[in-house]
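*Asks:* Pasting in a structure now, in structure tokens, and then I'll have a few things to ask.
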Amino acid sequence: MMKPQAPAVIAAAIEQGVQLATAESLTAGMIAARLAEVPGASAVLRGGVVSYSSDVKRALLKVDAHLLDARGSVDPEVARQMAVGALQACGADLAVSATGVAGPEAHDGKPVGTVYIGWARSAESGSTVHHFVGDRAQIREQSTHAALQQLAAILDKASSQ
């Protein structure tokens, strides 16, 4: 089992006064739950959107419908737009998202283990691709860990500036 990053993320967010949000597809709330396990998380965790279906990605996170139709939900730009949508929907300062293929079968032409972690802070946003190996539970756990690492990296960068 990987060492949880959530306590460090919550501590850094509290120290910097940064409000957090999540947008989750394959992790289905695991990222927000991991953050909420940390005492004091309520000071900085605004909320999250579990957007397992593309309809929810469109309606609640404002992901571009044409993009979803053309590329499917497992896409770097979808991940980026999910994070931007969570930022706006939750009124947060920093958001992270996860979309990908946990298995057992490929999805949207992407192999099992393909995961995109999106992020958004102010006017900046982006996404990273990961290729995880394991069963469904392991891929979801690795995705959650990657999202927490992304939050930690952004908060670390901000604290060093």
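*Asks:* Short version: ³J(HN,Hα) in whole Hz for each residue of segment 10-20, in order, from phi by Karplus 6.51 cos²θ - 1.76 cosθ + 1.60 (θ = phi - 60°), x for Gly and Pro, what are they?
*Replies:* 4, 4, 5, 5, 5, 4, 8, x, 9, 8, 10
*Asks:* Let me ask you something else. List the chymotrypsin sites (Phe, Trp or Tyr not before Pro) in segment 55-146 that DSSP assigns to loop (not H, G, I, E or B) and whose Cβ has at most 11 other Cβ atoms within 10 Å. Which are they?
*Replies:* none
*Asks:* Moving on. With both partners inside the chain, how many of the DSSP beta bridges are antiparallel, as a percent to the nearest 5?
*Replies:* 60 percent
*Asks:* May I ask you to give the solvent-accessible area per residue for segment 85-154, in square angstrom, as obtained with a 1.4 angstrom probe?
*Replies:* In whole numbers, segment 85-154 has 42 Å² accessible per residue.
*Asks:* Something else now. Keeping all protein chains in place, calculate the accessible area per residue for segment 10-77 (probe 1.4 angstrom), answer in Å².
*Replies:* Ligands and nucleic acids excluded, the figure is 45 Å² per residue.
*Asks:* For segment 83-149, what percent of Cα pairs sit more than 19 Å apart?
*Replies:* Looking at segment 83-149, the distances longer than 19 Å represent 35 percent of pairs.
*Asks:* Carbon-plus-sulfur fraction of the accessible area of the chain, 1.4 Å probe, in percent?
*Replies:* Carbon with sulfur: 53 percent of the solvent-accessible area.
*Asks:* Now for a separate question. If I stretch the segment between I14 and A36 completely, what's the gain in nm (0.36 nm per residue apart, minus their alpha carbon distance), one decimal?
*Replies:* So the chain would gain 6.6 nm between I14 and A36.
*Asks:* Also, I was wondering about something else. Residues with amide H under 5 Å of L45's amide H, sequence separation 5 or more or different chain, H placed in the peptide plane at 1.01 Å from N; which?
*Replies:* Under 5 Å from the amide H of L45 lie the amide H atoms of L20, each far enough along the sequence or on another chain.
*Asks:* What does the charge dipole of the chain about its Cα centre add up to, to the nearest 20 debye, if the Cβ of each Lys and Arg holds +1 and the Cβ of each Asp and Glu holds -1?
*Replies:* Rounded to the nearest 20 debye, it is 100 debye.
*Asks:* With bins 5 Å wide starting at 0, give me the P(r) of the chain over every alpha carbon pair, in whole percents.
*Replies:* 2, 11, 21, 24, 20, 13, 7, 2, 0
*Asks:* Give me a comma-separated list of calculated 3J(HN,Hα) values for segment 124-133, in order, Karplus coefficients 6.51, -1.76, 1.60 applied at θ = phi - 60°, integers in Hz, x for any Gly or Pro.
*Replies:* Those phi angles translate into 9, 7, x, 7, 10, 9, 10, 10, 8, 10 Hz.
*Asks:* So for segment 55-105, Kirkwood radius off the Cα pairs, Stokes-Einstein at 20 °C and 1.002 mPa s: how many µm² s⁻¹?
*Replies:* My calculation gives 191 µm²/s for D.
*Asks:* Taking R0 as 25 Å, what FRET efficiency do you get between D156 and L60 from their Cβ-Cβ distance, rounded to the nearest 0.05?
*Replies:* Step by step, r from the Cβ atoms, then E = 0.25.
*Asks:* Right, something else. Percent antiparallel among DSSP beta bridges with both residues in segment 69-161, to the nearest 5?
*Replies:* 100 percent
*Asks:* Let me ask something additional. How about segment 75-161: which GluC sites (Glu not before Pro) there lie in a loop by DSSP and see at most 11 other Cβ atoms within 10 Å?
*Replies:* E105
*Asks:* Semi-axes of the equivalent ellipsoid for segment 5-87, please: Cα gyration tensor eigenvalues, times 5, square-rooted, ordered largest first, whole Å.
*Replies:* Semi-axes from the Cα gyration tensor: 27, 11, 10 Å.
*Asks:* Going by amide H atoms built from the backbone, whose H comes under 5 Å of the H on S73, apart from near neighbours?
*Replies:* Here the answer is none, since no amide H 5 or more places off falls under 5 Å of that of S73.
*Asks:* Using modelled amide H (1.01 Å from N, peptide plane; none on Pro or chain starts), what sits under 5 Å from the amide H of G103, excluding residues fewer than 5 places away?
*Replies:* Placed amide hydrogens put G113 under 5 Å from G103.
The values are calculated or read from the model by the stated rules, or taken from the named source; none is laboratory data. Because the structure is predicted, anything quoted here is derived from the model rather than measured. Note that we place each Cβ from the backbone using ideal geometry, even for glycine, and neighbour counts take in every protein chain shown. Heads up: the accessible areas ignore ligands, DNA and RNA and are worked out on the full protein's heavy atoms, side chains in. Shrake-Rupley method; radii C 1.70, N 1.55, O 1.52, S 1.80 Å.
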